[in-house]
Amino acid sequence: MKQYIVVFVFLINIVKVLSAVDGAEQLEEALIRIERLRSQYSPPASIYNRRNIDNNLYIPQYDSSKEDYENIFNRPAFVHPILSDEILPLLETSAEKGNHEASILLGDFYTFGNFSLPVNYSKAYSYYRHAVQLKANGHAYFMLGFFYATGAFGELELDQHKANLYFEFGAANDDVNSILALAYRNLHGVGTSISCEKALYYYTRVAHIGMDLLRKNGVTPDILPIYNIRLPDFNGGLYGNQVSESPLTIFSTSQFYHRKKNLLNQYTIDVDHEFIDFFFDALKYYYGDIFLPANSTKALEILHDCIEYGNMMFHSKNYYTNNFNMDFLGQCNAFLGHMYLIGYGAEKDYNKALHYLEASTKIKNTSEALNDLGVLYASDMAPSGRDQVKAARYLNRAAKMGYNEAFLNIAKLLMNNSDTNYLNNPYRDKIFDNIQKGVSAGNVECLFYYAEFFQSGIVKDIHPEKRYNCENIVIYYKKFVEKLEPFFFPHLRYAVEELKQGNFKNTLLGYSIAAEQGAANAQVSSAYLLYQTQPFRSSYKRKTFTSDRIKAAIKYLEKASLGNDIDSTVLLGDLYLNGVEGSNFEKDQNKAFNYYKKAESQYSSHGCYNIGYMFEYGLGPANKTVDYFMAKRYYDLSLKYQELSYRNKVPINLALLRLRLKYLFNRKSIDDHESHDESSGWLNAFNNMKAEYYDSNDDLNQEEAREKARAHHEGTSYDYDDEEYDVGDYLVLFITCSFFLIIFVQNIMQRIRRWRNANNNNENNENNANNGINGIDGNPQNANDQVNARFGFNIGGANVEFHFFAI
Amino acid sequence: MVFVYNYDLIKMNLDRTLKYMIGYATVSSILLAWSVYDCLGLSSDLFTFLIEFTNGYRLGIVINSILMFFLLTGKILQLSLFGELRIIETEHILEKLPIFFVNLLFNLSSNDNNLLLNCFLVGISVGFKIFNIISMDRMDFVHMKIQNAVISDNITSSETLRKYLLNMNFWLVFFFTTMNFAIAKFLVYDVFQGINSVTCLLFGFQFAVQGVDALTYFSKLSLNIYELVIYRSGSGALDDDIDYEDEEQVWENKGIFMKTIDIGSAILKSVSYLGFIYLLTFHSGLSLPISMMQGTYMSLKQTYKEVKQLLSFVESSKKLDSQLPNATDNDLGDSDNLCIVCREDMHSVEEYERVHNRKLSARRYPKKLRCGHILHMGCLKDWLERSELCPLCRRKVFLSDQSTPESTNSNMHERFDEDDTTNNNMERQDFQRQNNRDIDTTETNGADYFSSVRDVNETDHPTLNRFGNEQSSSRIFHEGTYQQIRLPRNALLPPDWTILPLTKNEDNSYELQLSTYDRASFRKESKNSRHELNIIEPNGQNLRLHN
């Protein structure tokens, strides 16, 4: 949707300013038609949705003759007649007459494929070119730069210098995308030399634009970065769920809240669940996620329902009872107050906000409500007037509870709401301290202020030990900018929307634009769209990749690796080690080794394993000599990291075992090569064993590694409960179950046997009765046997119980 | 009858086992194949494949396939090396395996979480244990056959030796002995290379102990072979001349050697157990290995017992000639003058000299024990190597006659308990041989057999049966006495069968002793052919035969 808006805003400006230019009539006509088309056009039903995308995302083969991915969903190419018959000809005429706006519009149509128009990059390229020849335009320059930077993955010419040139033109015309792209290219030296100062300049520029936008629009959940995801994470990561080590980027809030709700409902069976349901449903609509657009009005409604229900239940008089439900009622109140405070889902209403927030704090003090109250009192609009003392008190309480926004708000309060002179503010020490705390607590805005503080140079006065460092500040600005995804990375949303439709080519476009601008996750996504590792067995045909696309993929992987993405690093290593099947990609074992080594420095178990493997088989810098000792070292390291993340260690153990056997059979030849000082002797060996046995806490920052290990599961943190069960537990369970089963079956058999015996006896007795010899005796005997049979079963039952208790 | 029944049962069981195994193998293979197929779809490189393949429930499938692999290889090896198992071999396996297996599980309790390796080690250990048991039992069998052949067919020494050397089982025992040590060395040595794994160490030690056992067995086997080759072979057919060569036919010191080997192995085992426990717990500071407790205790106990037996044997062989009187003609006349050990006639010294006109060899002196039983001195000496009790009534041969029933009982239990050491395998085998001969003779001489059984019955527990003993002419057990039936050692009682003593009265009626307090009597009458005999479990007083 975003790109439509971008286009549309553009168009309105054009219409206003340039009505006198040639071809303006056609352009106007075309714009009217576009409006009409927009009202008529309904996009085809999406292919991927929340339920079917997990572990199911499949990127089809790219067909270079069609210049598109293979159409595996069998969607008919349908272009709306208004578009093909009316709009495009009108725009073309207008462009021919020298209207550069029409030309840009055509370029956008052919690049982004609006209204399901098949894209054509070379056409788009020529229209953009045509436009900038007529008149300078930042957007057109950016698109041209992008085409040169990527070569449209084999369709157009690739020239990084030209790309830089166009981006610079774009930046000169105040195109934010171009500035961002330039910032990233200067930071990492793409098509130019690395220049931190230049990058800092560009990032600062973007950050200030972002800050202005923030102030204008207010901080609402809309600006949450949710589209900057790695596509392979839908399938568990580049290496699948079990092996991938990069933190998962797909965090489905709706699913998360749904799961949390169910979990809470399970734990509290004795209380009503209404409040829990209300609260989490509201949260779901408040934040939204990729597949469930945020719906602030709905969230507001639910929260109102929640509070009404609470009034009904508690008649507002016993609001002070301490109850599990009350907590959630309090949170409903706090949330509603917050929505009124920021004006999300409803008009700003400070009275209502105050009412609900205070109701919330009466029930339970949450850091969010306290913070909001602080903000409220600090504002001039507060119903009771501005009260800085109260505000400071509330904010301090929230800050004590560790709420990151509270730090920011304290700092803002200290700045006295006059953002311009905070550098000369008498409280600047305190302001800086709070900003710093806010940064470490993860507040976005604090990132900006923190970087500003550094760049202004006053940090030197406050904390002389903290030195100015261009790279560090750039990182802060970069992070800040990347968090403002809707402002600076609108193409990410476009990419996800196109992905839902199964338009992989457009998805790639969206992600590669963001990738050029330095979004790390987008780089991985682009690489994934360009090249996918293939499973050994697949229901689809094996894919082939052209060398252009592999090169592009590797370029993005390298960038992602620079951004410390572990899986990309390992994948690069794998690619350089094994090459790509069916292409003339050049192997380079040394490069592979270096990438693995980099992964190893990031505590990657997978990377360590691969280094161990290289040593074991004498690949890479080992120069065809195996080194079992080094291999063992790295396998051990791999084992350790794997253990820290509670993952499957069996393959590494197997590798160690293999190594052990190999060593056993090759010992002689190895010992010849290496004069290993074996401090043999039994007692020594035992001492070593002891040392190794207790040597679980050692040198490296285990915490850091553990942190990394945890990160992969962050998105699905509630699965932890399931994973804690060990295989051993399952085995014990299985054995126990089978044990009981056997006993049960035996009992049944026994019962059947007894029953049969009883029957036999009956027959016998009947015979006897017929014979008339023992007729009178027969009947009691019969009854007796039946009693016996029943009794036998009872004993069997008691046996089962007995065994049960014994266990 | 009894044997046939059991054989059928086991044969049926085997067939069913085979069926189960085929079913199990099929299911396991299908699971494994599915697992592989599924993982291939999930993984793009070997590492990912292995991770997926051994993750979660799939690990269970892998472990199950390892189990299946071991079962199948074991079965195939068993069928190809040994063929069908004999009853005694199956019994030995069933008897020894549970404890061994529990011990193995204790081995796994050290925190070495290498699940696959552990499974593999357990599989290997159990497999080797089973094959050790089978190969030893089978070798005993072979040894017995050759021995019998030597005695009956008069084979020369070289032929006997060749019979052994050409036998596969002989080499199998040798192979397993060396393999035990090789694996032990591999597992234990590995640890000393710095690749630490306490579990491997424990398993290695277990293999070493097994190897020592196998070596003990092997050396004793060698002694037996040596004896057979040097002393027994080529000694000619059993005729009257045998008396002259008696001295050469028996290797007097064999017992001492055997005992020395036993003691040596027992001491070696206990010392290494203790040393190992010391090293692990005190030197390395690891937790006490539970799996070694049982082994340590058993080895210490065995050492003690073996040494005690040796001492008493040495003492008793000294006392043998001086303390026991030679049996007189009268003594021999009272009994059946048959030596229970060698099943040959005994002659009193004087009588022999008078008839044969030459001196009776010292080994053939009939010796009368305190309990009244008479044996050849040589046979008695052989017997005393193993036990200091009378082979017939289990009273002590030398000590003053204060033996209480408790002591004899416990001794008996010991004898049964001993079976798990290889040492006693040989004994047991010998004993079986004797029993086999017993049975042979009973076929021809039924009355004799029953009288000997009766003998056992009456004299076994003197205090308990004194009442019955005093009235030895009558075979009825009276109310208030315990009742006992001693079955021949090779008799097998089906699991849900019972045996009750049946006595016949003069008036053609029978009396059945149900318990100390109850008895049933019934009478023999001519039977109406339409009525079948119906036996109801003796679950109370109302035992009744319908007819």
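The values are calculated or read from the model by the stated rules, or taken from the named source; none is laboratory data. Predicted model, so just to flag it, every value in this text is computed and none were measured. Cβ: placed from backbone, ideal geometry, glycine included. Neighbour counts: every protein chain shown. Please note that ligands, DNA and RNA were not included when accessible areas were found on the heavy atoms of the full protein model with its side chains. Shrake-Rupley method; radii C 1.70, N 1.55, O 1.52, S 1.80 Å.
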Residue selected from the stretch A:182-203 under the condition open to solvent by 20 Å² or more (accessible area, probe 1.4 Å) and of a type in the set (Ser, Thr, Tyr), by the criterion nearest to residue A:481 (Cα to Cα): A:202
Test: residue in the stretch B:312-330 that is of a type in the set (D, E, K, R), open to solvent by 50 Å² or more (accessible area, probe 1.4 Å) and assigned to a loop (DSSP other than H, G, I, E, B): no
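Is at least one residue of the stretch A:69-81 assigned to a loop (DSSP other than H, G, I, E, B), open to solvent by 60 Å² or more (accessible area, probe 1.4 Å) and among the small types (Gly, Ala, Ser)? Reasoning before the result, please.
Taking the stretch A:69-81 first, the residues assigned to a loop (DSSP other than H, G, I, E, B) are A:70-80.
Add one more test, that the residue is open to solvent by 60 Å² or more (accessible area, probe 1.4 Å), and what stays is A:70-71, A:73-78.
In the following step, the residues that additionally are among the small types (Gly, Ala, Ser) were identified as A:77.
Yes: the stretch A:69-81 contains one or more residues that are assigned to a loop (DSSP other than H, G, I, E, B), open to solvent by 60 Å² or more (accessible area, probe 1.4 Å) and among the small types (Gly, Ala, Ser).
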Close pairs from the stretch B:93-107: first farther than 24 Å from residue B:78 by Cα, partner buried (at least 17 other Cβ atoms within 10 Å of the Cβ) and of a type in the set (Val, Ile, Thr), Cβ under 7 Å, at least 6 apart: B:107/B:199
Filter pass, residue A:489 being modelled with pLDDT of 85 or more and closer than 30 Å to residue A:117 by Cα: yes
Of all residues making up the stretch B:272-302, the number that are buried (at least 20 other Cβ atoms within 10 Å of the Cβ), of a type in the set (A, V, I, L, M) and within 13 Å of residue B:209 (Cβ to Cβ): 1
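Please find, among B:93, B:88, B:124, the residue that is within 14 Å of chain A (Cβ to nearest Cβ) and under 25 Å from residue B:171 (Cα atoms).
B:124 is the lone residue from the list that is within 14 Å of chain A (Cβ to nearest Cβ) and under 25 Å from residue B:171 (Cα atoms).
Out of A:551, A:632, A:555, A:541, which single residue is over 21 Å from the mean Cα position of the chain (by Cα), of a type in the set (D, E, K, R), more than 19 Å from residue A:238 (Cα to Cα) and outside the structural domain of residue A:658 (by TED's automatic domain parsing)?
Answer to the check: A:541.
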Residue check, residue A:344 open to solvent by 20 Å² or more (accessible area, probe 1.4 Å) and modelled with pLDDT of 80 or more: no
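Which one is nearest to the other protein chains (Cβ to nearest Cβ), of the residues in the stretch A:238-267 that are assigned to a loop (DSSP other than H, G, I, E, B) and open to solvent by 20 Å² or more (accessible area, probe 1.4 Å)?
Step one: list which residues in the stretch A:238-267 are assigned to a loop (DSSP other than H, G, I, E, B), which gives A:238-239, A:244-252.
From the residues that got through so far, the ones that are open to solvent by 20 Å² or more (accessible area, probe 1.4 Å) too are A:238, A:247-252.
Numbers: A:238: 9, A:247: 18, A:248: 17, A:249: 20, A:250: 19, A:251: 23, A:252: 22 Å.
Going through the qualifying residues, I end up with A:238.
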Residue match in the stretch A:479-497 (condition: surrounded by fewer than 20 Cβ atoms within 10 Å (Cβ to Cβ) and either assigned by TED's automatic domain parsing to the domain that holds residue A:66 or free of Cβ contacts under 8 Å to residues at least 60 places away in the same chain (or both)): yes
In the stretch A:567-596, residue surrounded by the fewest Cβ atoms within 10 Å (Cβ to Cβ) [restricted to those that are under 15 Å from residue A:245 (Cβ atoms) and away from every other protein chain (no Cβ under 14 Å)]: A:595
Residue check, residue A:434 surrounded by fewer than 20 Cβ atoms within 10 Å (Cβ to Cβ), over 20 Å from the mean Cα position of the chain (by Cα) and either more than 21 Å from residue A:153 (Cα to Cα) or free of Cβ contacts under 8 Å to residues at least 24 places away in the same chain (or both): no
Check on residue B:23, under 45 Å from the mean Cα position of the chain (by Cα) and within 9 Å of chain A (Cβ to nearest Cβ): no
Residue check, residue B:340 at negative phi and at pLDDT 80 or above: no
